[in-house]
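The block underneath contains the structure these notes are about, expressed in structure tokens.
The values are calculated or read from the model by the stated rules, or taken from the named source; none is laboratory data. All figures in this text were calculated on a predicted structure; none of them were measured in a lab. All Cβ positions, glycine included, derive from the backbone under ideal geometry; neighbour counts span all protein chains shown. Ligands, DNA and RNA are excluded from the accessible area calculation, which covers all protein heavy atoms including side chains. Shrake-Rupley method; radii C 1.70, N 1.55, O 1.52, S 1.80 Å.
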Amino acid sequence: MDDHLQAIDALSYEMRKFPPSAQFVSDASTNDQSLYQEAQLDHEGFWARQARELISWDAPWTTVCEWDLPYAEWFVGGKLNVSFNCLDRHVLAGRGDKVALYWEGEPGDTRVVTYADLLTEVQKFANALKKLGVEKGDRVNIYLPMVPEAAVAMLACARIGAAHSVVFGGFSSQALADRINDAEAKVLITADGGWRRGEVFPLKPQADEAVKMAPSIEHVVVVKRGNNEVPMINGRDHWYHDIVAEADPVCAAEPMDSEQLLFLLYTSGTTGKPKGIMHTTGGYLTHVAYTFKFVFDHKPESDIFWCTADVGWITGHSYIVYGPLANGATQVMYEGVPNFPANDRMWSIIEKYKATIFYTAPTAIRTFMKWGTQEPAKHDLSSLRLIGSVGEPINPEAWMWYQEHIGGGTCPIVDTWWQTETGGIMISPLPGVTVTKPGSATFPLPGVAAELVDEEGGHVSKGGGYLTLTKPWPGMLRGIWGDQQRYRETYWGRFKGRYFAGDGAKLDDDGYLWLLGRVDDVMNVSGHRISTTEVESALVSHPSVAEAAVVGANDATTGQAIIAYVTLRGGLEVDEKVLRDHVATEIGAIAKPKAIFFTPELPKTRSGKIMRRLLRDVAEGRNLGDTTTLADASVVNELQRRAAETPAED
Ligand code: PRX
């Protein structure tokens, strides 16, 4: 143990423990240590068994894993088709009438899509894409709202071996053009518009702007959803419903090489240029099928799964499209925002479809807390048996609220840590096995090897450190599109022989992992490294606080000073001093914020991540750079105005 070399001082410890109920344990697909033991004894053998049992192969692999650091190939020589695995095999097994998607539009319109429906639609659209000249190995861009056609488009690409690159519908035309150009995509699939907050937002005009800057695009396919008027360019633009209506309904699923590129998904790094993360076929599908089955304890006969992510993010790729469909799951897919027409929309959807598994993000949970417990209380949520969290560290108070008010006090919570780059869940409880602690993602899953290290790469067995992954895993990224040098440097350059995730974490006395956020979210105050997440958790544990964001601002005396931005729960008021003292009580005087600003909203990206970098700029009085990725830029302008006016307290 390297006590003297702790990378991050872990100051707060959570003592509460929650074992799954006896009933949950006895019903769970796995409820003992056997998966962990099996993976420990034979890492590759373990994954090979998952690949054999969960996936249908057209030709067997010859090598499970070829590892030539930093490049892995999985199930080498094996052949399979992802769309066959997600659709045909369920229909062939007589489950064509099973519902794949209960789709709920924001205005309240609905569609029920069975596996047979989805298979027919995917085959037709795959043929339509072929007719537009899309071939195996091409890239296709997808820029759609949350409509079933988004899944159809992804699966149609997979069926014919074209790689998709989905761009979140909230991104600007410039962002879309940058991504199309980087991928050199041939076809763009978009919609006239989609529904958001009770109104149609136009997408096609943005797509048109992007295509002006993207010479590789030959055709644009337009799904009709918003019914808003859009110009169509003859020869280039095609209505989705027209080309699908004309298409041949049979398109055989061609066997693909296990390492065939399945998709690119762009994610931001420390520089401005987004990285096209590459995922391939056999390993990725195995990873998401396995994690979906075991982390969510999925029961194909009875579960109704709902993941609230957008398909434009990795969570939507892995746990709306590929993981659930590979497992033959029935899901809810929702188009709109959680507060339309009212703050109880999510809970009304759970009640309506009797959802059994609910997977959402901490930022959403904290928003629900802000809206108050009366909202979930209006609905019968007793169908839920498991709830999950993803995307950022969940503070213990949000975890407790989630468990009590959404999970009825009994649902296990799976706090799942992973990244766009990892493809699937890496660190998470197994709900029938793991005793959870509020705020801890607990342990690496069977088949995942994670280790904390200090600055020099030395092993850390207790306390804070940098989270690294030490063995290849099937869903791992295969590189950055067009920039393998950046791939090596970003992920493999910091610690020799290890994948560095960019996150800080700590290990407590019981060996539980606590994610502490990105390492650039770690502050250094008077020589002590303090995680922004820990201070945020302390603030949110005060009964009046709904949400908090903490940044380290340069300070002449202490190196960095802790600046907090706090949103209070509806109708409550509290003195700044009370909160500062509360943090001191929770963590220690060292973690007391120097200043607290109250704000009705925190600045967030459109995907809901708090933009700490902007808050740091505000706290340090800098001019704000690019604010175009903000969901609501006025929030930060107001904070900036107040920061200039308000002297920080001592
Ligand atoms: O910092 C970690 C955080 O989200 C980052 C990955 O972001 P992205 O690629 O957008 O993928 C998000 C959805 C998988 C990670 O480096 N993160 C994700 N899940 C958790 C988390 N931090 C703490 N706890 C989690 N459960």
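Of all residues in the stretch 62-91, those that are at positive phi have Cβ atoms under 7 Å from Cβ atoms of residues that are surrounded by fewer than 24 Cβ atoms within 10 Å (Cβ to Cβ) and hydroxyl-bearing (Ser, Thr, Tyr), 6 or more apart or on another chain, in GLY77/THR62; GLY77/THR63. Of all residues in the stretch 583-607, those that are more than 21 Å from ASP555 (Cα to Cα) have Cβ atoms under 6 Å from Cβ atoms of residues that are of a type outside the set (A, V, I, L, M, F, W, C) and open to solvent by 30 Å² or more (accessible area, probe 1.4 Å), 6 or more apart or on another chain, in THR605/THR629. Selection of first residues in the stretch 300-327 that are farther than 17 Å from THR363 by Cα and β-branched (Val, Ile, Thr) and of second residues that are within 14 Å of the ligand (Cβ to nearest atom) and not in a helix (DSSP H, G or I), restricted to Cβ pairs under 9 Å at least 6 apart or on distinct chains, gives the following pairs, ordered by first then second residue: VAL311/VAL166; VAL311/PHE168; ILE320/CYS307; ILE320/ALA309; ILE320/ASP310; ILE320/VAL311; VAL321/VAL311. Only one entry in GLY570, GLY552, GLY608 is farther than 15 Å from VAL525 by Cα, under 29 Å from the mean Cα position of the chain (by Cα), open to solvent by less than 30 Å² (accessible area, probe 1.4 Å) and among the small types (Gly, Ala, Ser), namely GLY608. Inspect the stretch 519-526 for any residue being under 24 Å from TRP74 (Cα atoms), within 13 Å of the ligand (Cβ to nearest atom) and open to solvent by 10 Å² or more (accessible area, probe 1.4 Å) and give the result as yes or no. The answer is no, given that none of the residues of the stretch 519-526 is under 24 Å from TRP74 (Cα atoms), within 13 Å of the ligand (Cβ to nearest atom) and open to solvent by 10 Å² or more (accessible area, probe 1.4 Å).
Restricting the stretch 429-454 to residues that are on the phi > 0 side of the Ramachandran plot and either within 13 Å of the ligand (Cβ to nearest atom) or open to solvent by 20 Å² or more (accessible area, probe 1.4 Å) (or both), the residue that is modelled with the highest pLDDT is THR442. Evaluation of GLY161 against the conditions (1) more than 30 Å from ASN339 (Cα to Cα); (2) touching a helix residue (DSSP H, G or I) at 6+ places or on another chain (Cβ under 9 Å); (3) in contact (Cβ under 8 Å) with a residue 60 or more places away in the chain shows that the sole unmet condition is (2). Highlighted here are the strands (runs of 3 or more DSSP E) found entirely within the stretch 527-597 that include at least 2 residues which are of a type in the set (Ser, Thr, Tyr): 559-568.
ALA364: within 24 Å of VAL545 (Cβ to Cβ) and buried (at least 24 other Cβ atoms within 10 Å of the Cβ), yes or no? So ALA364 does not fit the description; no.
Please find, within the stretch 372-392, the residue that is farthest from the ligand (Cβ to nearest atom) out of those that are touching a residue at least 40 places away in the same chain (Cβ under 8 Å) and open to solvent by less than 30 Å² (accessible area, probe 1.4 Å). Only one residue fits best here, namely GLY372. Filtered by the rule that a residue be among the polar types (S, T, N, Q) and assigned to a helix (DSSP H, G or I), the stretch 153-189 gives SER173, GLN174, ASN181. Selection within the stretch 278-319: residues that are part of a strand (DSSP E or B) and farther than 17 Å from GLN331 by Cβ. The member of this set that is nearest to the ligand (Cβ to nearest atom) is HIS279. I'm checking my understanding of the structure. Among residues of the stretch 112-148 that are touching a Gly at 6+ places or on another chain (Cβ under 8 Å) and assigned to a strand (DSSP E or B), which one is most open to solvent (accessible area, probe 1.4 Å)? Residue satisfying both the conditions and the ranking: THR114. Among the residues of the stretch 393-428, which ones are open to solvent by less than 10 Å² (accessible area, probe 1.4 Å) and more than 16 Å from the ligand (Cβ to nearest atom)? Hits for the stretch 393-428 are ILE406, GLY407, CYS411.
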